[in-house]
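The structure under discussion appears below in the form of C-alpha cells.
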Amino acid sequence: MVCAMYFKEIDPAGDPRDLAAVLPVIRAAAAGFVPGEVPPCGQQVRQWAGRQFRTTKVSIAAFAEPGEDGPADGAAVGVLIGNHSDHNPDLLGGWTFISPDAVGPRIAGGLMDSAADYCRERGIKRLLINTALNADAGRYGPQRGSTPSFVGDRWLLDLTALDRTGLEALSSPSPANAAYRIVHWVDSCPDELATAYCVARAAMNDAPPVADDLANPVYDSERMRAEEASTIECGIRLQVTAAIGADGAIGGFSMTAVYPEQPELTEIWDTGVARDHRGRGLGLRIKAAATLRLLHDHPGARQLCTFTSVENTWMIAVNRRIGYRPVGTWEMYVHELAGEDHPAA
C-alpha cells in the first residue's frame, strides 16, 4: 500500500539508476495494455526519453515515500514520458505507465498535475496524453477527456507462424508497380538516396493527426541525419525498405526497428507511400518485402508490431493482408491548461 508519494523529473535515457527505477512499472503496465506482446526493453525507453531533433524530452516519476508500511525501495510506482517539439511549441505529448498494484487515481492525477506545472512554467498551453482503452479507469481516469482527439490500434504479427510463401507473393512486383525496385538499408540512408528519401518521408504528413491543429515538421537532410544519429546512439538497428521508381523517386518506404537488448520484439515505426505513387499496391509490396528482410537478417525475432490510426483504412487493409491482428486500442486526449489550476478531467 502506498501511503505517500513524491514526484520528480528523472532522466531514464541518461541515468541508468532512473531507467532501473521506471522500467519495471513500464513493463508491467504495458503487459496489461497489450497482453501477449513482449513488454518494452530498456532500449525502447531510452529512445522514448532520449535526445531527438529539435524536441525537448521530459520524464516525471512517482515514488513511494517512507510511511507506515516501511521505506520506499527506489522503484517508481508510475511514470510519465513526454516531449514538446519546436514545430508545436504549445503542446506537450506524453505516455503514462502506472503500477498494476496501484489503487485509485492518485498516481495518474499527480503525474498530470506535475506535467501541467511543467507546461505552465514554460508557456505550454496543452497537454496530450495517450491512454490505453482497456486501462483501468480507477487508475488512469484523470488523464482522460470528454472526446479523444485520436484513436489508434496496436497491431501484432506473429513472425513464428507466418506463411512465407504467401508473403513472398505479396512482395513480388505486380503489373501496377513492376517499374519499382525494392532496396534496403540499415541505420543510415545512402547519400545518393538522401534527397529522394526526404521527399518521400513527407508522405507521413498525410496520416491522421493526433490533434487537428498540429503543424507537420519540415523533413530535410538535417532532420533525417539527426534522427539517424539518435537511433544509433540508443543502439537500435533501423532497417529501411524503399521502392524506387524508374525516375529515381522513392515511391514509398517502411522503417523497422530492431532492439538488440530484446531481439524477439521488433516494431514498424513508419510506413508511407508518397502521394504521386499511390494506387499501385506499393504499400503492401514494401511492407511484405520489409518483413521478409527482417526474417532473413534477424531470425530471432518473434513479434513485429505497428500502430495505425483507426481512420487509416488503407493501412489497416495492408496489415490484414500480411497477417497482423489488432491487440490493443489507444485513445489520445488533449487537455487545455490555460487558466486552469489542474488539467481537465
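The values are calculated or read from the model by the stated rules, or taken from the named source; none is laboratory data. What you are looking at is a predicted structure, and each value in this text was computed from that prediction instead of being measured. A quick note on method: Cβ atoms are made from the backbone with ideal geometry, for glycine too, and the neighbour counts reach across all protein chains shown.
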Result of the Cβ filter at 6 Å on the range 229-243, keeping first residues that are part of a helix (DSSP H, G or I) and partners that are modelled with pLDDT of 95 or more, at least 6 apart or interchain, is THR231/LEU238; ILE232/ASP187
Okay, helices (runs of 4 or more DSSP H) sitting entirely in the range 98-176 with 2 or more residues that are acidic (Asp, Glu), I get 106-121
All-but-one check, TRP95 against (1) within 30 Å of TYR324 (Cα to Cα); (2) over 21 Å from the mean Cα position of the chain (by Cα), failing number (2)
In the range 187-198, residues that are exposed (fewer than 14 other Cβ atoms within 10 Å of the Cβ) and either in contact with an Asp or Glu (Cβ under 8 Å, 6 or more places away or on another chain) or touching a residue at least 60 places away in the same chain (Cβ under 8 Å) (or both) total 1
### Task
Determine whether the range 234-255 contains at least one residue that is surrounded by fewer than 16 Cβ atoms within 10 Å (Cβ to Cβ) and of a type in the set (Lys, Arg).
no
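For every residue, the table says whether it meets (1) at pLDDT 95 or above; (2) within 24 Å of ALA338 (Cα to Cα).
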site: VAL45; (1), (2): yes, no
site: THR55; (1), (2): yes, yes
site: PRO66; (1), (2): no, no
site: VAL79; (1), (2): yes, yes
site: THR96; (1), (2): yes, yes
site: LYS125; (1), (2): yes, yes
Looking for something basic (Lys, Arg) and in a helix (DSSP H, G or I) - is there at least one such residue anywhere in the range 292-308? yes
Residue pairs qualifying under the 6 Å Cβ cut-off, at least six apart or on distinct chains, with the first in the range 317-331 being of a type in the set (A, V, I, L, M, F, W, C) and the second being not in a helix (DSSP H, G or I), are VAL327/VAL34; VAL327/ARG154; VAL327/LEU156; TRP330/ASN130; TRP330/ALA132; TRP330/GLY152
